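Note sheet for the following structure.
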C-alpha cells in the first residue's frame, strides 16, 4: 500500500452489536493527519487509510489496560479530555 501506517485496536468495552465505534487509534506513522475523535468505526478508518494510501495495522488487545479510553494524552486538550485534565464523563 502506501508509506504511512495507522495503528488501531479494538476497544474492550464495546461489542459488535453496540452502535458505538469499536476501534481506537493508537498511533500514526509517516502521515500528516490530525484525528478529531478518540474512537472510530472500522469502515471510517478503512476509508481514511484508502484515501491516504496508508496501511492499517490491527494491534492485539492488551489485558493490562486499566482504562480503554485512555490514549496517552492526559490533559492534551483533545476531544476526550477537558482542559483541566479531567475526562468529559467526569471521571479522573
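Coordinate-derived values only; no laboratory data. Treat the numbers as computed from the prediction; the structure is a model and nothing was measured. Please note: Cβ atoms are built from the backbone with ideal geometry, for glycine as well, and neighbour counts cover all protein chains shown.
Could you estimate the translational diffusion coefficient of the range 1-63 from the Stokes-Einstein equation, with Rh from the Kirkwood formula over C-alpha pairs, at 25 °C and 0.890 mPa s, in whole µm²/s?
Result for D is 203 µm²/s.
How far apart, in nm, are two points set 7 Å out from the Cα along the Cα-to-Cβ line at residue 17 and at residue 63?
2.5 nm
If you count the DSSP beta bridges with both ends in the range 1-63, what percent of them are antiparallel, to the nearest 5?
65 percent
Could you calculate the FRET efficiency of residue 10 with residue 51 from 1/(1 + (r/R0)^6), where r is the beta carbon distance between them and R0 is 30 Å, rounded to 0.05?
E between residue 10 and residue 51, to the nearest 0.05, is 0.85.
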